[in-house]
Amino acid sequence: MDVLHQGLAPHLGWSFGAVTALTGVVVLLLWIPLRQRPGVGTVANVVVIAGAVEPGASGDPPATRLGWQIALMVTGVLLNGVATACYVGRATRPGPRDG
């Protein structure tokens, strides 16, 4: 999904975070015919992710050494798993892309 967000941002003239939020809202609207009901976790996922990706995407220079790339990838996957378990495991409903 992030490739889509990165591609749309310059074409729309929006920030990466705004495009991420827009995509989340569009995906939530696609839930209507599926009769999925969003919960607190679903809406929080859109808001928190959109707010967090902006500073994360623009603040740090890219890792160029393989060791750092591997460490960042493993850390990102582990933290993503923990975060997903926190909001799905608490029955706050899945995020828009998880539903």
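Starting from the Cα-Cα distance between Ile32 and Trp68, subtract it from 0.36 nm times their residue separation and give me the gain in nm to one decimal.
Details: separation 36, 0.36 × 36 = 12.96 nm, distance 4.18 nm.
Full extension of this stretch gives 8.8 nm more.
Taken along the Cα-to-beta-carbon direction at a fixed 7 Å, the label points for Ala44 and Leu12 span 2.4 nm.
Spin-label model, Val25/Cys86: points 7 Å from Cα along the beta carbon direction are separated by 2.5 nm.
How would you order 16-22, 63-69, 28-34 from highest to lowest mean count of nearby Cβ atoms within 10 Å?
On the way: 16-22: 20.0, 63-69: 9.6, 28-34: 11.1.
So the peptides 16-22, 63-69, 28-34, ranked by packing, come out 16-22, 28-34, 63-69.
Heavy atoms of the protein chains alone define the surface here; on that basis the range 2-59 has 64 Å² accessible area per residue at 1.4 Å probe size. As a fraction of the 1.4 Å probe accessible area of the range 20-84, surface on carbon and sulfur atoms comes out at 73 percent.
Take each peptide in 5-14, 38-47, count the other Cβ atoms within 10 Å of every residue, and average; sorted highest first, the result is 38-47, 5-14.
The values are calculated or read from the model by the stated rules, or taken from the named source; none is laboratory data. Note that the structure is a prediction, hence the values are computed from the model and not measured. So basically every Cβ, Gly included, is an ideal-geometry build from the backbone, and we count neighbours across all protein chains shown. Areas reflect the complete protein model, heavy atoms only, side chains present, ligands, DNA and RNA absent. Shrake-Rupley method; radii C 1.70, N 1.55, O 1.52, S 1.80 Å.
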